[in-house]
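Single-structure report; data block below.
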Amino acid sequence: SEADKGIYPYYMLKEINEQPNVLRKLSQKYLSEDGQSKIDPKILEAMKAADRLYIVGAGTSYHAGLVGKNMFEKLVGIPTEVEVASEFAYADPLFSEKPFFIFLTQSGETADSRVVLQNVTKRGFPTLTITNVQNSTLSREADYTLLLDAGPEISVASTKAYTAQIALEAILAKSLGESLGLKRAADFNLRQQLGLVATGMQAVIDEKDHFDEVSKQYFVEASKAFYIGRGIDYYVSLEAALKLKEISYIIAEGFASGELKHGTIALIEEGTPVVAIATQAKTASLTRNNLEETKSRGAKTFTISTESLAEDGDDIVLQDVDEMLTPLLSVVPAQLLAYYTSLNKGLNVDRPRNLAKSVTVE
Ligand code: G6P
């Protein structure tokens, strides 16, 4: 069955490997061959009326929301806020006049997100749940649902749900922007781009033995580690660090690279691993400078870049895709590094201590 580990020692590796296919399926489901949107027009109509989008999630889903903000603002032109569910639920937020709420939740069962959904539903605001589980609680309780169709995700550390959520946010943003008549959205050849992303992901996955080595060189002996970047590279850093924390128990931080010098760089010692994600033309060289600053304080540095921004000595060079979509590629090395670090430390990759796949209490 789909929920069978098959030849894989752990579900996590199986689920990492499935990502290129998950993206292809998602692309086929929601975009026609000539790139036209197949998203339910009722959803687009409801979103069009909004003056602000609120994306709500927890954990990895929250991180996928952060990456989505950029796409909604660029392709749709509607200000977008991304909120941690457990905080937003009790923050008494001041809403805009016509807000639209998007709930990201792999399981569709997270209590923290559900509380927000119930609050905003009471106030009569429109809601959409993006989830991997049909008929899940948050799907039933929202006005609209879009399914990720990523297949069951069993490993506690989320991988394919994160990339599927980002891809679906891209599809939704393109569809909405196009229906609002925005040229940038209409010109964005997302079907082709998602094809390139799938190929680029596969290229990273094909190098998985390399990540096994890197995990031994950089992480297995480390007690702390950093992922750094700016903008959406920073948002991926948050997810990259979370993967490492969850399954390898290394104290890991995802950090805005420019902010390091304002305090956190004090934590860098001889041998501290620092991974830079540099996939955005506007900020890549700034991030590289910040990485250098950690290196001169003893950090063991590692750089993830893209073909068009690559420099000599970069450790991982990702294939070029539209800059909005680089998180779909840059997260994969981090997933594999977390996987192998956990494995090489002899830990239970799929069942980390203290964690549950879905958390139905606040
Ligand atoms: C749990 C899981 C995380 C997940 C979070 C949100 O804490 O361990 O991996 O990201 O819940 O789950 P959801 O199903 O709402 O995406």
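The values are calculated or read from the model by the stated rules, or taken from the named source; none is laboratory data. All figures in this text were calculated on a predicted structure; none of them were measured in a lab. Here the Cβ positions follow ideal geometry from the backbone for every residue, glycine too, while neighbour counts run over all protein chains shown.
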> Does Ile166 satisfy the criteria of being β-branched (Val, Ile, Thr), away from the ligand (no atom under 14 Å from the Cβ), part of a helix (DSSP H, G or I) and in contact with a helix residue (DSSP H, G or I) (Cβ under 6 Å, 6 or more places away or on another chain)?
Replying inline: no
>> Restricting to the range 215-256, and then to whatever is of a type in the set (A, V, I, L, M) and part of a loop (DSSP other than H, G, I, E, B), can you tell me which residue is surrounded by the fewest Cβ atoms within 10 Å (Cβ to Cβ)?
In response: Val220
> Which of the residues belonging to the range 266-276 are surrounded by fewer than 19 Cβ atoms within 10 Å (Cβ to Cβ), in contact (Cβ under 8 Å) with a residue 24 or more places away in the chain and among the hydrophobic types (A, V, I, L, M, F, W, C)?
Replying inline: Leu267
> For the range 151-177, how many residues meet the condition of being aliphatic (A, V, I, L, M), surrounded by 24 or more Cβ atoms within 10 Å (Cβ to Cβ) and closer than 14 Å to Leu194 by Cβ?
Replying inline: 7
> Within the range 300-342, restricting attention to residues that are small (Gly, Ala, Ser) and in contact with a helix residue (DSSP H, G or I) (Cβ under 8 Å, 6 or more places away or on another chain), which residue is surrounded by the fewest Cβ atoms within 10 Å (Cβ to Cβ)?
Replying inline: Ser305
> Within the range 178-193, which residues are assigned to a helix (DSSP H, G or I) and surrounded by fewer than 24 Cβ atoms within 10 Å (Cβ to Cβ)?
Replying inline: Glu178, Ser179, Lys183, Arg184, Ala185, Ala186, Asp187, Arg191, Gln192, Gln193
> Which of the residues belonging to the range 277-294 are among the polar types (S, T, N, Q), in a helix (DSSP H, G or I) and in contact (Cβ under 8 Å) with a residue 40 or more places away in the chain?
Replying inline: Thr287, Asn290, Thr294
> So which of Pro352, Pro273 ends up being at pLDDT 95 or above, within 24 Å of Lys224 (Cα to Cα) and touching a Lys or Arg at 6+ places or on another chain (Cβ under 7 Å)?
Replying inline: Pro273
> If you take the residues in the range 317-362 that are within 15 Å of the ligand (Cβ to nearest atom) and part of a helix (DSSP H, G or I), which one is farthest from the chain's Cα centre (by Cα)?
Replying inline: Ser342
>> Checking the conditions here, which among Thr279, Thr294 is surrounded by 22 or more Cβ atoms within 10 Å (Cβ to Cβ), away from the ligand (no atom under 16 Å from the Cβ) and farther than 23 Å from Thr60 by Cβ?
In response: Thr294
